[in-house]
Amino acid sequence: MRIDSAKWVHLPNTYEKKTQHETKPELTRQTDQLSISAEARARFEEPVKQPDRLEKINALKAEINAGTYTRDAREIAKRFLQG
């Protein structure tokens, strides 16, 4: 068996050349973006015309701001499943 072949002499050099050229791509942070259409903005800006609905909305806003808004998750799931 002959182990002093010429091809084995250059093997470490070829490995070093390949690893020197490999670079990892730089990671960039992407931020989330939100865009609201003009139609959606118009719907949010138009006043609520039904007084009962306006009272309910104001009551919900007050609960949310006070930190007391809670709902039963099982009840919500049932409503989703009922369609």
I'd like to compare 52-64, 69-81: which one has the highest average count of other Cβ atoms within 10 Å, and what's the full order after that?
52-64, 69-81
Which whole-Hz couplings ³J(HN,Hα) result when phi for each residue of region 35-44 is put into the Karplus expression 6.51 cos²θ - 1.76 cosθ + 1.60, θ = phi - 60°, listed in order with x for Gly and Pro?
10, 10, 5, 5, 5, 5, 4, 5, 5, 6
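What net charge is computed for the residues neighbouring residue 63, neighbours being all others with C-beta under 15 Å from the C-beta of residue 63, Lys and Arg scored +1, Asp and Glu -1?
Details: positive: 56, 61, 71; negative: 55, 72.
Its environment carries a net charge of +1.
Where a number appears in this text, it was derived from the coordinates with a stated rule and is not lab data. This one's a predicted model, so the numbers in the text were calculated from it and none came from an experiment. Positions of Cβ are generated from backbone atoms using ideal geometry, with glycine treated the same way; all protein chains shown enter the neighbour counts.
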